[in-house]
Structures are given as structure tokens and as C-alpha cells.
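In what follows, a single structure is set out as C-alpha cells and then discussed.
No value in this document is a laboratory result; all are computed from the given coordinates. Given the structure is predicted, the values throughout are model-derived calculations rather than measurements. Neighbour counts are summed over all protein chains in view; Cβ atoms, including those assigned to glycine, are modelled from backbone coordinates with ideal geometry.
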Amino acid sequence: MTALVDGPKPSILRKAALFILLAGLGGAVGFVGANMTDDVLTAWEDEVAVLMSVILIATGLISAIVVAVRPSTVPKGCGLLQVAVMLLAGVMFLLPVFGPNWASAEVVFGGVLALLALQSAANLMLWRAADEMLRRIMSETSAMAFWAVQLGLFVYAAAERLGLIQGVTAWGMMGLLMGVYFVCSIIAAARRGIH
């Protein structure tokens with residue numbers, strides 16, 4: 001059994017400042033998100049994509065702040081790679097929704113592919129740099145997400161085949177998949193004691 005190293009406790013003032021910073025960040029993200037999406041989101045699929053993007057980007061920014069302010073006695077680990085993966089995923093969800101307002105569909109799609117290549121490289125680097133516990137969390141997240149999505153897809157496919165529901169676009173399915181994956185990652189991390 002490993003003993004925990006007692007480091008200096010953060011002061012109340014520092015905790016309050018961090019809380020205010022995070023609350024301000026959340027308010028800014030909400031304000032910008034509400035203004036950006038006004039009269040743009042016409043389909044639920046886009047709403048899910050923007051919601052997932054906001055969650056990923058906010059989580060990435062909060063993680064970046066945590067990595068930046070944690071004590072120097074705590075090893076840096078893979079924090080920056082995890083931040084990069086989340087931020088890139090968040091931007092990839094935003095581009096197809098808002099990108100056509102600024103550029104052609106071909107340019108936006110090229111941007112998505114470039115970000116996907118960067119994110120895939122960052123994910124590979126993250127896997128290679130991860131310790132055994134992080135690799136286990138990543139594996140468990142993938143397994144849980146696979147089984148949950150497989151079950152949901154079967155029920156959906158059977159209901160669609162029987163004419164009980166209408167079809168869902170691939171874009172909508174991608175947003176739902178990412179939502180399931182995000183929830184599974186929280187469950188896997190919580191099971192391993194990461195809060």
C-alpha cells in the first residue's frame with residue numbers, strides 16, 4: 001500500500017479564486033454559446049453536437065487550469081495530451097455546424113479531416129504515454145461505450161425496420177455516440193477512484 005504524500009494545502013483564498021475563475025469561465029462559455037447558436041441550430045442533431053462540443057471544450061479548459069495550478073510535487077503525467085484530445089474533439093463537433101457560415105463545405109470538411117488526423121495522433125501519443133491505470137480506464141470506457149451503443153443501435157434498428165420510428169442521421173448518431181462515450185468515461189474513472 002502506498003502512503004499519500006502530504007503537500008501544502010491550498011489556501012481558502014486560492015480555492016475561492018479558482019472557483020470564481022471556473023464560474024466565470026462557465027458563464028462566458030454559456031453566454032458565447034447562447035449567442036452563437038441563436039437562429040443557427042434548427043435540428044436536434046446540431047444541438048447535440050454543440051452540447052457535446054461545449055462539454056468537451058469546457059472540460060478541456062478546466063483540465064488545463066487544473067494542470068497549470070497543481071503543485072509541482074504532482075507529476076505532470078498525460079494532462080496536456082488529454083486536454084489537447086478534448087479540445088480538438090470539441091472543435092471538430094463545432095466545425096460542421098458553424099463552419100459553412102464562413103467557408104465552403106469542402107474547406108470545412110478538409111479542416112475536420114486535418115483536426116481528426118491531429119486528434120488521432122494525440123490519442124496515440126496519449127495511449128503510449130499513459131500509465132497502466134489510465135490505459136485501463138480508456139479500455140473500460142471503450143468497452144462500456146461499445147456495448148451500450150450496440151444495444152441501443154439494435155433496439156433503434158429493430159424499431160426503424162418495423163416502422164415505429166423515423167430514421168436518425170449519421171450526424172445525430174455521432175453526437176449520441178459521443179455522449180454515451182463521455183458518460184462511460186466518467187463511470188470508468190469513478191470506478192478507479194479518479195474524481
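Would you calculate a helix-derived [θ] at 222 nm for the chain, using -39,500 (n - 2.57) for each DSSP H run of n ≥ 4 and dividing by the full residue count, to the nearest 500? Intermediate results must be reported in sequence, preceding the final value.
Values: 6 runs with 149 residues, N = 195.
That comes out to -27000 deg cm²/dmol.
Rg/Rh for the chain (Cα atoms only, Rh after Kirkwood) is 1.01.
Packing-based ranking of 123-133, 94-104 yields 94-104, 123-133, ordered from highest to lowest mean Cβ neighbour count within 10 Å. For segment 174-193 versus segment 147-172, the spacing of their alpha-carbon centroids is 20 Å. Rounded to 0.05, the FRET efficiency of the I12 and W44 pair, given R0 = 41 Å and the Cβ-Cβ distance, is 0.40.
Relative contact order (percent) for the chain, with alpha-carbon contacts under 8 angstrom and 6 or more residues of separation?
Details: 126 pairs, mean separation 43.5, N = 195.
Worked out over the chain, it gives 22 percent.
Simple spin-label estimate for L116 and L177 gives 1.0 nm between the two label positions (7 Å along the Cα-to-Cβ direction from each Cα).
Segment 131-195 has equivalent-ellipsoid semi-axes of 30, 10, 8 Å, by the square roots of 5 times the alpha carbon gyration tensor eigenvalues, sorted largest first. For segment 14-130, a/c is not less than 1.5, where a ≥ b ≥ c are the root eigenvalues of the C-alpha gyration tensor, and a/b does not top b/c. That puts it in the oblate class.
How high is the relative contact order of segment 131-195, in percent, counting Cα pairs under 8 Å that sit 6 or more residues apart?
It comes to 58 percent, rounded to a whole number.
For the chain, the longest principal axis of the alpha carbon atoms and the long axis of helix 44-69 meet at an angle near 10°.
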